[in-house]
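The values are calculated or read from the model by the stated rules, or taken from the named source; none is laboratory data. Predicted model, so just to flag it, every value in this text is computed and none were measured. When we count neighbours, we look across all protein chains shown, and the Cβ atoms used for this are built from the backbone with ideal geometry, even at glycine. Protein only, heavy atoms only, side chains kept; ligands, DNA and RNA dropped before computing areas. Shrake-Rupley method; radii C 1.70, N 1.55, O 1.52, S 1.80 Å.
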Amino acid sequence: QLKAQVAAAAIERVAALHNDDLVLGIGTGSTAEAFIQLLGPLRARIDTTVSSSERSSTLLREMNIPVSDLNAVGEVDIYVDGADEANADLQLIKGGGAALTREKIVAGASRQFICIADESKLVPTLGAFPLPVEVIPMARSYVARQIVALGGQPVWREDVVTDNGNVILDVFNLLIDQPLTLEGQLNDIPGVVCNGLFALRAADELLLGTPDGVRSLTR
Ligand code: DER
(Lines give C-alpha, C1' and ligand atoms only; values in the text may rest on other atoms or scores of the structure.)
Protein backbone atom coordinates (compact mmCIF):
# COMPACT_ATOMS: atom_id res chain seq x y z
CA GLN A 1 0.00 0.00 0.00
CA LEU A 2 1.94 3.01 -1.26
CA LYS A 3 -0.07 5.53 0.79
CA ALA A 4 0.75 3.77 4.09
CA GLN A 5 4.39 3.52 3.02
CA VAL A 6 4.88 7.24 2.44
CA ALA A 7 2.77 8.11 5.49
CA ALA A 8 5.10 5.99 7.64
CA ALA A 9 8.12 7.71 6.10
CA ALA A 10 6.62 11.11 7.00
CA ILE A 11 6.05 9.90 10.58
CA GLU A 12 9.78 9.11 10.71
CA ARG A 13 10.57 12.66 9.56
CA VAL A 14 8.35 14.08 12.34
CA ALA A 15 9.79 11.70 14.96
CA ALA A 16 13.31 12.86 14.02
CA LEU A 17 12.49 16.48 14.95
CA HIS A 18 14.27 17.39 18.18
CA ASN A 19 11.70 19.40 20.13
CA ASP A 20 8.92 17.59 21.96
CA ASP A 21 6.21 20.26 21.85
CA LEU A 22 5.62 19.87 18.18
CA VAL A 23 3.16 21.99 16.24
CA LEU A 24 2.14 19.89 13.22
CA GLY A 25 0.33 21.12 10.13
CA ILE A 26 -2.01 18.45 8.77
CA GLY A 27 -3.11 18.18 5.15
CA THR A 28 -6.26 16.82 3.53
CA GLY A 29 -6.96 13.80 1.33
CA SER A 30 -6.51 10.04 1.48
CA THR A 31 -2.70 10.09 1.81
CA ALA A 32 -2.83 12.75 4.54
CA GLU A 33 -5.45 10.60 6.29
CA ALA A 34 -3.08 7.62 6.19
CA PHE A 35 -0.59 9.92 7.98
CA ILE A 36 -3.18 11.01 10.57
CA GLN A 37 -3.96 7.36 11.35
CA LEU A 38 -0.28 6.78 12.29
CA LEU A 39 0.04 9.79 14.66
CA GLY A 40 -1.11 7.98 17.83
CA PRO A 41 2.36 6.95 19.08
CA LEU A 42 3.59 10.56 18.68
CA ARG A 43 0.69 12.04 20.66
CA ALA A 44 2.83 12.80 23.74
CA ARG A 45 5.26 14.85 21.65
CA ILE A 46 2.59 16.89 19.91
CA ASP A 47 1.74 20.22 21.51
CA THR A 48 -1.02 20.80 18.97
CA THR A 49 -1.93 20.52 15.30
CA VAL A 50 -3.22 22.99 12.72
CA SER A 51 -5.61 21.39 10.26
CA SER A 52 -6.29 22.26 6.60
CA SER A 53 -9.93 21.10 6.58
CA GLU A 54 -12.93 20.31 8.77
CA ARG A 55 -12.61 16.69 7.61
CA SER A 56 -9.02 16.36 8.83
CA SER A 57 -9.93 18.17 12.08
CA THR A 58 -12.65 15.59 12.73
CA LEU A 59 -10.25 12.70 12.18
CA LEU A 60 -7.63 14.29 14.49
CA ARG A 61 -10.19 14.82 17.27
CA GLU A 62 -11.36 11.21 16.91
CA MET A 63 -7.74 10.27 17.73
CA ASN A 64 -7.69 12.62 20.76
CA ILE A 65 -5.07 14.77 19.04
CA PRO A 66 -5.48 18.48 19.83
CA VAL A 67 -6.40 20.84 17.00
CA SER A 68 -5.76 24.60 17.26
CA ASP A 69 -6.69 27.63 15.21
CA LEU A 70 -3.69 28.87 13.21
CA ASN A 71 -4.10 32.26 14.95
CA ALA A 72 -3.44 30.57 18.30
CA VAL A 73 -0.05 29.14 17.36
CA GLY A 74 3.23 30.76 16.30
CA GLU A 75 5.06 29.04 13.48
CA VAL A 76 4.15 25.49 12.44
CA ASP A 77 7.11 23.11 12.67
CA ILE A 78 6.23 20.81 9.80
CA TYR A 79 3.35 20.47 7.34
CA VAL A 80 2.52 17.06 5.87
CA ASP A 81 0.12 16.80 2.93
CA GLY A 82 -0.52 15.01 -0.33
CA ALA A 83 -0.70 16.36 -3.87
CA ASP A 84 -2.50 15.70 -7.12
CA GLU A 85 0.64 16.31 -9.19
CA ALA A 86 4.29 17.20 -8.50
CA ASN A 87 7.13 18.16 -10.84
CA ALA A 88 10.87 17.73 -10.30
CA ASP A 89 11.08 21.19 -8.69
CA LEU A 90 8.58 20.00 -6.07
CA GLN A 91 6.01 22.45 -7.41
CA LEU A 92 2.56 20.96 -6.94
CA ILE A 93 -1.00 20.94 -8.10
CA LYS A 94 -3.31 20.50 -5.12
CA GLY A 95 -7.01 20.95 -4.45
CA GLY A 96 -8.50 17.67 -5.62
CA GLY A 97 -10.09 17.54 -2.18
CA ALA A 98 -11.27 21.19 -2.34
CA ALA A 99 -9.10 22.18 0.65
CA LEU A 100 -6.44 24.10 -1.31
CA THR A 101 -6.89 27.50 0.39
CA ARG A 102 -6.32 26.35 3.98
CA GLU A 103 -3.66 23.88 2.74
CA LYS A 104 -1.71 26.72 1.11
CA ILE A 105 -2.11 28.94 4.19
CA VAL A 106 -0.81 26.27 6.59
CA ALA A 107 1.98 25.28 4.18
CA GLY A 108 2.98 28.95 3.99
CA ALA A 109 3.03 29.17 7.81
CA SER A 110 5.20 26.05 8.17
CA ARG A 111 8.98 25.81 8.47
CA GLN A 112 9.01 22.56 6.47
CA PHE A 113 6.51 21.17 3.98
CA ILE A 114 6.79 17.44 3.36
CA CYS A 115 4.64 16.19 0.50
CA ILE A 116 3.62 12.51 0.48
CA ALA A 117 2.41 10.85 -2.69
CA ASP A 118 2.58 7.71 -4.77
CA GLU A 119 4.88 7.78 -7.79
CA SER A 120 1.98 8.28 -10.23
CA LYS A 121 1.80 11.91 -9.01
CA LEU A 122 5.33 12.80 -10.26
CA VAL A 123 5.03 14.34 -13.75
CA PRO A 124 7.47 16.14 -16.09
CA THR A 125 5.10 19.13 -16.53
CA LEU A 126 2.12 20.09 -14.35
CA GLY A 127 -1.32 20.35 -15.90
CA ALA A 128 -2.68 16.95 -16.87
CA PHE A 129 -4.64 17.19 -13.61
CA PRO A 130 -7.20 20.02 -13.87
CA LEU A 131 -6.05 22.99 -11.78
CA PRO A 132 -8.49 23.80 -8.92
CA VAL A 133 -9.21 27.51 -8.33
CA GLU A 134 -11.24 28.69 -5.30
CA VAL A 135 -13.57 31.57 -6.23
CA ILE A 136 -15.96 33.92 -4.41
CA PRO A 137 -19.41 32.70 -5.57
CA MET A 138 -20.60 36.03 -7.01
CA ALA A 139 -17.47 36.21 -9.21
CA ARG A 140 -17.69 32.69 -10.69
CA SER A 141 -18.68 33.63 -14.26
CA TYR A 142 -16.39 36.66 -14.40
CA VAL A 143 -13.40 34.61 -13.20
CA ALA A 144 -14.27 31.82 -15.66
CA ARG A 145 -14.08 34.33 -18.52
CA GLN A 146 -10.70 35.62 -17.33
CA ILE A 147 -9.39 32.03 -17.15
CA VAL A 148 -10.57 31.38 -20.71
CA ALA A 149 -8.58 34.47 -21.74
CA LEU A 150 -5.54 32.80 -20.13
CA GLY A 151 -6.10 29.73 -22.32
CA GLY A 152 -7.79 27.51 -19.76
CA GLN A 153 -11.11 25.67 -19.85
CA PRO A 154 -12.84 26.21 -16.47
CA VAL A 155 -15.46 23.75 -15.20
CA TRP A 156 -17.55 24.60 -12.10
CA ARG A 157 -17.37 21.81 -9.48
CA GLU A 158 -21.11 22.23 -8.86
CA ASP A 159 -21.58 19.84 -5.96
CA VAL A 160 -18.90 21.49 -3.79
CA VAL A 161 -18.86 24.48 -1.42
CA THR A 162 -15.49 24.82 0.35
CA ASP A 163 -14.92 25.12 4.13
CA ASN A 164 -14.66 28.87 3.43
CA GLY A 165 -18.06 29.05 1.69
CA ASN A 166 -16.63 29.47 -1.81
CA VAL A 167 -16.88 27.54 -5.08
CA ILE A 168 -14.27 25.68 -7.12
CA LEU A 169 -13.47 25.98 -10.82
CA ASP A 170 -11.39 23.11 -12.19
CA VAL A 171 -9.29 24.43 -15.08
CA PHE A 172 -8.50 22.04 -17.93
CA ASN A 173 -6.10 22.43 -20.87
CA LEU A 174 -3.65 24.79 -19.17
CA LEU A 175 -0.07 24.33 -20.34
CA ILE A 176 1.76 24.94 -17.08
CA ASP A 177 5.35 25.38 -18.19
CA GLN A 178 5.72 28.53 -16.05
CA PRO A 179 4.09 27.57 -12.71
CA LEU A 180 5.32 30.65 -10.82
CA THR A 181 3.98 33.04 -13.50
CA LEU A 182 0.61 31.33 -13.78
CA GLU A 183 0.15 31.15 -9.98
CA GLY A 184 0.62 34.94 -9.83
CA GLN A 185 -1.67 35.60 -12.81
CA LEU A 186 -4.47 33.57 -11.24
CA ASN A 187 -3.97 35.27 -7.87
CA ASP A 188 -4.40 38.65 -9.60
CA ILE A 189 -7.88 37.93 -10.96
CA PRO A 190 -10.43 39.71 -8.71
CA GLY A 191 -12.64 37.03 -7.14
CA VAL A 192 -9.98 34.33 -7.03
CA VAL A 193 -9.39 33.35 -3.39
CA CYS A 194 -6.64 30.82 -4.06
CA ASN A 195 -5.42 28.42 -6.73
CA GLY A 196 -4.00 24.91 -6.51
CA LEU A 197 -0.56 25.77 -7.89
CA PHE A 198 2.01 25.44 -5.08
CA ALA A 199 5.00 27.04 -6.82
CA LEU A 200 5.61 30.21 -4.78
CA ARG A 201 5.59 27.84 -1.78
CA ALA A 202 6.67 24.47 -3.19
CA ALA A 203 7.28 21.39 -1.04
CA ASP A 204 10.66 21.08 0.69
CA GLU A 205 10.73 17.31 0.37
CA LEU A 206 8.66 14.87 -1.66
CA LEU A 207 8.32 11.34 -0.27
CA LEU A 208 7.34 9.21 -3.24
CA GLY A 209 5.88 5.73 -2.80
CA THR A 210 7.16 3.18 -5.31
CA PRO A 211 7.00 -0.63 -5.48
CA ASP A 212 10.72 -0.59 -4.57
CA GLY A 213 10.22 1.58 -1.48
CA VAL A 214 10.08 5.31 -0.69
CA ARG A 215 12.07 7.77 -2.79
CA SER A 216 12.98 11.13 -1.27
CA LEU A 217 13.20 14.15 -3.59
CA THR A 218 14.41 17.55 -2.39
CA ARG A 219 14.79 20.85 -4.18
O1 DER B 1 -6.90 18.13 -2.17
C2 DER B 1 -5.69 18.02 -1.95
O3 DER B 1 -4.85 18.94 -2.10
C4 DER B 1 -5.17 16.67 -1.56
O5 DER B 1 -4.00 16.77 -0.78
C6 DER B 1 -4.88 15.94 -2.85
O7 DER B 1 -4.05 16.75 -3.59
C8 DER B 1 -4.22 14.59 -2.66
O9 DER B 1 -5.22 13.71 -2.28
P10 DER B 1 -4.93 12.15 -2.24
O11 DER B 1 -3.82 11.96 -1.21
O12 DER B 1 -6.25 11.56 -1.80
O13 DER B 1 -4.51 11.73 -3.63
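Residues in the stretch 89-110 that are surrounded by 21 or more Cβ atoms within 10 Å (Cβ to Cβ), over 19 Å from ASP170 (Cβ atoms) and among the aliphatic types (A, V, I, L, M): how many?
2
So, restricting to strands (runs of 3 or more DSSP E) that lie completely within the stretch 10-101, which ones have at least 1 residues that are in contact (Cβ under 8 Å) with a residue 40 or more places away in the chain, away from the ligand (no atom under 16 Å from the Cβ) and among the aliphatic types (A, V, I, L, M)? Outline the logic, then answer.
Numbers: elements: 22-26, 46-51, 76-81.
Filter on the stretch 10-101 gives 22-26, 76-81.
Among what's in the stretch 169-187 and is more than 12 Å from PRO132 (Cβ to Cβ) and not in a helix (DSSP H, G or I), pick the residue that is least open to solvent (accessible area, probe 1.4 Å).
Quick first cut of the stretch 169-187, residues more than 12 Å from PRO132 (Cβ to Cβ) only: 173, 175-185, 187.
This time we only want the ones that are not in a helix (DSSP H, G or I), so: 173, 175-178.
Working: ASN173: 107, LEU175: 136, ILE176: 6, ASP177: 93, GLN178: 111 Å².
The qualifying residue least open to solvent (accessible area, probe 1.4 Å) is ILE176.
Of the conditions (1) touching a Ser or Thr at 6+ places or on another chain (Cβ under 8 Å); (2) closer than 29 Å to PRO179 by Cβ; (3) surrounded by 17 or more Cβ atoms within 10 Å (Cβ to Cβ), PHE35 satisfies every one except a single condition; which number is it?
Of everything listed in (1) touching a Ser or Thr at 6+ places or on another chain (Cβ under 8 Å); (2) closer than 29 Å to PRO179 by Cβ; (3) surrounded by 17 or more Cβ atoms within 10 Å (Cβ to Cβ), PHE35 misses just condition (1).
Residues checked against (1) hydroxyl-bearing (Ser, Thr, Tyr); (2) closer than 18 Å to PHE113 by Cα; (3) modelled with pLDDT under 95:
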residue	(1), (2), (3)
LEU2	no, no, yes
ASP20	no, no, yes
THR28	yes, yes, no
LEU42	no, no, no
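Residues PHE129, PHE113: which one is at pLDDT 95 or above, part of a strand (DSSP E or B), among the aromatic types (Phe, Trp, Tyr) and surrounded by 14 or more Cβ atoms within 10 Å (Cβ to Cβ)?
On the way: PHE129 fails: part of a strand (DSSP E or B).
Exactly one of PHE129, PHE113 is at pLDDT 95 or above, part of a strand (DSSP E or B), among the aromatic types (Phe, Trp, Tyr) and surrounded by 14 or more Cβ atoms within 10 Å (Cβ to Cβ), namely PHE113.
From GLY165, GLY213, GLY196, GLY209, which residue is over 16 Å from the mean Cα position of the chain (by Cα) and surrounded by 13 or more Cβ atoms within 10 Å (Cβ to Cβ)? Break it down into steps so the answer makes sense when it comes.
Numbers: GLY165 fails: surrounded by 13 or more Cβ atoms within 10 Å (Cβ to Cβ); GLY213 fails: surrounded by 13 or more Cβ atoms within 10 Å (Cβ to Cβ); GLY196 fails: over 16 Å from the mean Cα position of the chain (by Cα).
Testing whether each residue is over 16 Å from the mean Cα position of the chain (by Cα) and surrounded by 13 or more Cβ atoms within 10 Å (Cβ to Cβ) leaves just GLY209.
Could you please tell me which pairs satisfy a Cβ distance under 8 Å, a separation of 6+ or placement on different chains, a first residue in the stretch 140-166 that is farther than 20 Å from GLY97 by Cα, and a second residue that is of a type in the set (Gly, Ala, Ser)?
TYR142/GLY191; VAL143/GLY191
Is it the case that ALA7 is in contact with a strand residue (DSSP E or B) (Cβ under 8 Å, 6 or more places away or on another chain), in a helix (DSSP H, G or I) and within 14 Å of the ligand (Cβ to nearest atom)?
Values: in contact with a strand residue (DSSP E or B) (Cβ under 8 Å, 6 or more places away or on another chain): yes; in a helix (DSSP H, G or I): yes; within 14 Å of the ligand (Cβ to nearest atom): yes.
Answer is yes for this residue.
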